[in-house]
Structures are given as structure tokens and as C-alpha cells.
Amino acid sequence: MDTGLQGKVALVTGSGRGIGKAIALGLAKEGVDIAVNCRVNIDSAEETAKEIRSLGRRAMVTVADVTDESAVKKMVQQIVKEWSTIDILVNNAGVSFVALVEDMAKSDWDRLLNIMAGGTFLCAKAVIPVMKKRGGGKIINISSVAGERTTQNSSANYVAAKAAILGFTRQLAYELGPYHINVNAVCPWTVVTPLSLSQVGKEELERIRQGIPLGDYPKPEDVADAVVFLASDQARLITGYSIRIDGGMCLPVGTRPWDEYVRSHKEAVKKAK
């Protein structure tokens, strides 16, 4: 299937490693040139860029703090100067934090909101004039199922930031529709990365996995596949929405393991006979 992405230019924030790296590589495999953004992990970003070039695509590393409006503007100007345009923006930059509200400093609250919600706002604001000039574009925001529902694995500041991204996505989609700029979000559940393993633990992740209807956690590549779809021509009439990637975990059916669910229902049938 032709995705229509060959020769496009994408800016992917926080793409030196993890989900962002997978997104950058996923787009590159479809023929997209990638601006790899990072704040401090330059070596990781350079490695991502090297892998992109090995796929036959152009790559540049752009060092910028997404909470700094001036730095974001300069980053966008640099990309446009070298590659003429930006067709796709993926707002992925983020951090994780776990604490109860009563134990949370205001600086902890501000930091997550500024990086995730604030960074999404500033990067989108900076690319809008570029996309208007070229006659369209795709903005894809990485949120989370934590932005849609209560979660046991996140903190209030993280949930608030991800919820803000979803609200921003819907409203921006409405504002930019007449300019043929699609704005959508991707909402993964817990993605298995070294970070999630260190925070939750292998045994706890395995316990939770047993309750996932499709039997597995999302991988970074699963998130990348959703981003590629939303960036493609196949998603030309999709805007203002979010794609949930959770293996069915967030279906409103409780948290029992699937086999226990089936067993209890079969036992109920036997008792009814």
C-alpha cells in the first residue's frame, strides 16, 4: 500500500530513544526524512540519525528544549532552512514521574505539564505557519490512556498533562481543518521499555499482562505503526481523534485475567443447567 509518505519531512520530538526512536525509524522506512530532536541525549539522537541514514533517508539532529519557545522557533527555522518544509510533526517528548499529590512539589507538577502539554503547544504553534504555507500537514500528539481514565501506574501531573494533550488535539483539529492540517493523538497503555521495567518491575508487568485481552503489552513499534498510519494518505479524513493502543486492556471489563473470566462464565452456565 502506498502511504504517500515518500519524500516527506517530519520533526519527531524526543526521538533519541524509546518510543520516539521507533516512530522516527517507522516513518523513515516509509520514505520520510527525519529531524531527530533531543534536549540532552545527543549521542542517542546521533545514533537514531545514523540508523535513519542507513535506511536511505536524510536525518538531522536538532537540539532544543521543547519548553523554550525561542529554542523551538529556531529548531523549526533550521529544518525549514535546510529542507524547505515540515510535512509532519510528532509531539513525543515527555518524562515520567510517580508520586502522590500530597508528596508532589509544585515544581514536579509544573515540570511535567510544561514538557508534555507545553511542549506540544509550542511545537505545534511553531509549525502551523509552515504547514499553512505548504497547504496542509499532519500533527500527531503522543498522549496516553492515562489521559482518558484513572490509572494505578501514573501520577496526577502525568495524567493531567496527557489529558491536556487530548483536549488540545481536538480543539486544534477544529482550528486547522480548513487549512488541510490533520491533528490526531495516539494513546498507548504501558509500553514495555527499560524505563517501564525499572519503574513497575518484571513480575508486576507479567501479572498485569495476564489481564490483557490480546495477551501482550504495546511495544514502541506498535505506537510507531499508528503514527505512520495517521501521517499517511489513508488517514486524510481523520482529524481530532485518538487511537488507543492497549491490547484491549482498557475495555470496561475489570481487571481479572482473561482465563479467570472465561472459567467463571462457564461455571455459571453449568450451575444454571
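Points worth noting:
- Translational D in µm²/s for the stretch 121-273 (Stokes-Einstein at 20 °C, 1.002 mPa s, Kirkwood Rh from C-alpha pairs): 123
- When peptides 72-81, 147-156, 98-107 are ranked by their average number of other Cβ atoms within 10 Å per residue, the highest-first order is 72-81, 147-156, 98-107.
- For the stretch 58-160: Kirkwood Rh in Å [reciprocal of mean 1/r, alpha carbons]: 15.0
- Relative counts (whole %) of C-alpha pair distances in the stretch 136-191, using bins that are 10 Å wide: 25, 47, 21, 7
- Solution diffusion estimate, µm²/s, Stokes-Einstein, the chain, Kirkwood Rh from C-alpha pairs, 20 °C, viscosity 1.002 mPa s: 111
- Reach of K219 by Cα under 27 Å, taken over lysines that are not fewer than 8 positions away in the same chain: K8, K21, K29, K50, K138, K162, K202
- For a modelled paramagnetic label at C250, 7 Å from Cα along Cα-to-Cβ, the residues of the stretch 109-148 in reach, with backbone nitrogen under 14 Å, are 141-148.
- A straight Cα-to-Cα reach below 18 Å connects K270 with the aspartates and glutamates D259, E260, residues fewer than 8 places away in its own chain not being considered.
- Judged by the mean number of other Cβ atoms found within 10 Å, the most tightly packed of the peptides 130-139, 234-243 leads the ranking 130-139, 234-243.
- Between the stretch 84-98 and the stretch 3-54, the alpha-carbon centres lie 11 Å apart.
Only the coordinates and a few stated rules stand behind these numbers; no lab work does. Only a predicted model underlies this, so the values are computations on that prediction, with no experimental measurement involved. Positions of Cβ are generated from backbone atoms using ideal geometry, with glycine treated the same way; all protein chains shown enter the neighbour counts.
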